[in-house]
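The values are calculated or read from the model by the stated rules, or taken from the named source; none is laboratory data. Please read these numbers as outputs of a predicted model, since none were measured by experiment. Don't worry about glycine lacking a Cβ; one is built from the backbone with ideal geometry, like all the others, and counts go over all protein chains shown. To get the accessible areas, we keep the full protein, side chains included, count just its heavy atoms, and leave off ligands, DNA and RNA. Shrake-Rupley method; radii C 1.70, N 1.55, O 1.52, S 1.80 Å.
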Amino acid sequence: EHHHLGIALMTPADVHEGYAEAITEKRAEVLNGAYQNHPERFVNKVPTPPTLNTEVWINRPNDEEMKESPSLAGS
């Protein structure tokens, strides 16, 4: 399996199939449990799972291309 940093270390299938929210919630539970059991391991703050980006691009178009194609801008 290949997990992508741009999609919160999930597989594309996880995001596409709608599992992202459940996975993020489960990760948060696990991290909270780890913090409760060993707070000394987390010196800066309570750990949180990576957040899912609202946009992910392979080759992001420049601003001019975005203006020329409304479909790229999400309109």
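Which members of the range 27-62 meet the condition of being more than 20 Å from Gly6 (Cβ to Cβ) and open to solvent by 80 Å² or more (accessible area, probe 1.4 Å)?
Glu29, Val30, Gln36, Asn37, Glu40, Arg41, Val43, Asn44, Lys45
For residues that are at pLDDT 85 or above, of a type in the set (Val, Ile, Thr), within 23 Å of the chain's Cα centre (by Cα) and not in a helix (DSSP H, G or I), tally how many sit in the range 21-75.
Of the residues in the range 21-75, 3 are at pLDDT 85 or above, of a type in the set (Val, Ile, Thr), within 23 Å of the chain's Cα centre (by Cα) and not in a helix (DSSP H, G or I).
Against the conditions (1) over 20 Å from Ile58 (Cα atoms); (2) in contact (Cβ under 8 Å) with a residue 24 or more places away in the chain; (3) not β-branched (Val, Ile, Thr), where does Ala20 fall short? Just the number, please.
Answer for Ala20: the failing condition is (1).
Write out, first by first residue and then by second, each pair whose Cβ atoms fall under 7 Å of each other, whose residues are 6+ apart or on separate chains, and whose first residue, in the range 23-42, is under 20 Å from Leu9 (Cα atoms) while the second is open to solvent by 70 Å² or more (accessible area, probe 1.4 Å) and β-branched (Val, Ile, Thr).
Ala28/Thr48; Leu31/Thr48
Considering only residues that are open to solvent by 70 Å² or more (accessible area, probe 1.4 Å) and not aromatic (Phe, Trp, Tyr), which ones fall in the range 13-26?
Listed by number, the residues that qualify are His16, Glu17, Glu21, Glu25, Lys26.
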